[in-house]
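Participant: If you scroll down you'll find the structure; I have some questions about it.
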Amino acid sequence: MDSDLAMQMVTMRTAATQNSVQIAVFKKAHEMEAALLNTLLQSAPAAPPPGQGTKVDKQA
């Protein structure tokens, strides 16, 4: 009887640990995706002002 209770406790503790690890991995993946997105958005050039680039300068 005691061994059954001990096994249940070990099983519950293992499940809790696995859940904690899954949450930690999910959070880290989210942080990495957010960092990548920020990096990509910072390096993207801003849109030109309205009217710029509508004519071709043939003298260049």
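Bear in mind that the values in this text are calculations on the coordinates, not laboratory data. What you are looking at is a predicted structure, and each value in this text was computed from that prediction instead of being measured.
Participant: Given the -39500 (n - 2.57) contribution per DSSP H run of 4+ residues, what per-residue ellipticity at 222 nm results for the chain, rounded to the nearest 500 deg cm²/dmol?
Facilitator: -26000 deg cm²/dmol
Participant: Another question, if that's okay. What ³J(HN,Hα) values, in whole Hz, does the Karplus curve 6.51 cos²θ - 1.76 cosθ + 1.60 give for the stretch 9-23 when θ = phi - 60°, with x put for Gly and Pro?
Facilitator: Per residue, the Karplus-derived 3J(HN,Hα) values read 5, 5, 5, 5, 5, 5, 5, 5, 5, 4, 5, 4, 5, 4, 5 Hz.
Participant: Of the labelled options (1) 13.0; (2) 12.1; (3) 17.0, which one gives Kirkwood radius over Cα pairs in Å as computed for this structure?
Facilitator: Label (3) holds the value from this structure.
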